[in-house]
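The values are calculated or read from the model by the stated rules, or taken from the named source; none is laboratory data. No experiment lies behind these values; they were computed from the predicted model shown. A quick note on method: Cβ atoms are made from the backbone with ideal geometry, for glycine too, and the neighbour counts reach across all protein chains shown. Remember, those area values only see protein heavy atoms, side chains included, never the ligands or the DNA or RNA. Shrake-Rupley method; radii C 1.70, N 1.55, O 1.52, S 1.80 Å.
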Amino acid sequence: MSITRPPSMADVAAAAGVSHQTVSRVLNGHAYVKDDTRERVQAAIRSLGYRRNQAARTLVTTRSATIGVVATGMAHHGPASTVLAIEQAARRADHFVSLAAMTSRDADAAAHVLDRLIDQGVDGIVVVAPTADVARRVDEVAPQIPVVVVAARRDAPSQSAAVYVAVDQYAGSARVAEHLADLGHERAVHIEGPAGWFDAIERSRGFADAAECRGVAARVVHADDWGAEHGYAAGTSLVQGVESGEVTAVFAASDHLALGAIRAFWEAGIRVPDDVSVVGFDDVDGSGFFVPSLTTVHQPFDKLGDAAVRRLLAQRDASATTGEPMIDPEVIVRGSTAPPRR
């Protein structure tokens, strides 16, 4: 049985009655093509089922139109939402994403994945590195292609080959402290995220600094992970302090931690926000439907993904526009915060 070859650009040109160069211009979105000619070429492409040979195009342009993405922590809301936003931004920029999702924070494994993506001929790499060990490994490897690291890292070395972009976790958490101070709270607890995560570090710093500036006495309860069960454990440990009035507000480092704390308070007969205000971070889908609806910090992941892709392409193309290195978050005030009872 003979195998029919796939249609070529020459076939499209013959079917549309135009030159090979005109077909190329249509495929590349060239502005100087008459509308009726463009429509005729596109009709021929659909009729023949023509598809561009990306491998051949890469040989000619030395670009694959592919962005490598390395991601850890994909089981959590922030990294997963970031990767989705990057993929959508890449498609808007007419690029494909080659994703390597890592299940561990092994820095050596991250270096291996970077090497594999470079071997694939990607035009650049975005590393979603929520933890310090992975980010530092990227600095050590320093691939000779554009690299953007998505991480709320304050200690990024000035000589790093990578460009950093992030949602400003520090600012978001500082605004939480200001919101609670404005309500009249003077004693608060921060349920801190897991060790080694940039987001946890910056959220803790931002809340502590702003609380001190506003005269709010704030202490920290550490959580080993981001999940609701860890928030429940932290909330259980705070019940006595809430009942005695030593704690009037709780800022949890994630919405799921906040959800767990609210459950612990409910089981103890503590009402939110009547007896204690609770704030989360992330604005996960459904947080507005918690009981009560959750005051939280919204992270604009769409802007983050766009900034990461723009900054990557800006390294590759001198004419490309860059995105902002720090994306501004927003406090969404809902029903879980109120002035403290007197």
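Across the range 222-298, the relative contact order, built from alpha-carbon pairs under 8 Å that are at least six residues apart, equals 30 percent. Solvent-accessible area per residue in the chain equals 49 Å², computed with a 1.4 angstrom probe and all protein chains kept.
By the gyration tensor of its Cα atoms, with a ≥ b ≥ c the square roots of the eigenvalues, what is the shape of the range 63-139: rounded for a/c under 1.5, prolate for a/b over b/c, or oblate? If you can, show how the numbers build up before the last one.
On the way: a/c = 2.32, a/b = 1.24, b/c = 1.87.
Because a/c hits 1.5 or more and a/b fails to exceed b/c, the range 63-139 counts as oblate.
Measuring r between the beta carbons of TYR32 and ASP328 and using R0 = 30 Å, the FRET efficiency lands at 0.15.
For the chain, leaving out every one of the GluC sites (Glu not before Pro) that falls in a DSSP loop and has at most 16 other Cβ atoms within 10 Å, the longest unbroken run is 1-185.
Of the residues SER24, SER173, ranked by 1.4 Å probe accessible area with the largest first, the sequence reads SER24, SER173.
Remark: spin-label model distance MET74-SER19 equals 4.6 nm, labels positioned 7 Å along the Cα→Cβ axis. If R0 is taken as 45 Å, the Cβ-Cβ distance between THR236 and ARG5 corresponds to a FRET efficiency of 0.10.
For HIS30, the solvent-accessible surface computed with a 1.4 Å probe is close to 70 Å², ligands and nucleic acids excluded. Backbone amide hydrogens, once placed in the peptide plane, bring VAL126 within less than 5 Å of GLY68, VAL69, VAL70, VAL148, excluding anything fewer than 5 places away on its chain.
Only protein heavy atoms count here; on that basis, with a 1.4 Å probe, LEU84 has an accessible area of about 100 Å². Compared with the dominant principal axis of the Cα atoms in the chain, helix 35-48 is inclined by about 90°.
Just check the range 204-281 against the gyration tensor rule for me: Cα atoms, a ≥ b ≥ c as the square roots of the eigenvalues, rounded for a/c under 1.5, and otherwise prolate or oblate depending on whether a/b exceeds b/c. Could the numbers behind the result be given before it?
Values: a/c = 1.90, a/b = 1.19, b/c = 1.60.
Oblate, because a/c is 1.5 or more while a/b does not exceed b/c.
What does the C-alpha gyration tensor say about the overall shape of the range 128-230? Classify as rounded when a/c is under 1.5, otherwise prolate if a/b is larger than b/c, or oblate. Because a/c hits 1.5 or more and a/b exceeds b/c, the range 128-230 counts as prolate. Considering helices alone, the calculated mean residue ellipticity of the chain at 222 nm is -14000 deg cm²/dmol, with DSSP H runs of length four and up weighted by -39500 (n - 2.57) and normalised per residue. Here the contact order of the chain, divided by its residue count and restricted to Cα pairs under 8 Å and six or more residues apart, works out to 15 percent. Between the Cα long axis of helix 169-183 and the first principal axis of the chain there is an angle of about 40°, rounded to the nearest 10. For ILE45, the solvent-accessible surface with a 1.4 Å probe is about 30 Å², rounded to the nearest 10. Compute the acute angle (0 to 90°) between the alpha-carbon long axis of helix 198-213 and the principal axis of greatest extent of the alpha-carbon atoms of the chain; round to the nearest 10°. So the helix axis and the longest Cα principal axis differ by about 40 degrees. Under 5 Å from the amide H of HIS76 lies no amide H of any residue 5 or more positions distant or on a separate chain, with H modelled from the backbone and absent for Pro and chain starts. Against the set (1) 182; (2) 125; (3) 147, the structure's computed volume of the Cα convex hull per residue in Å³ falls on (1). The LEU48 and ASP119 beta-carbon pair, evaluated with R₀ = 41 Å, returns a calculated FRET efficiency of approximately 0.75.
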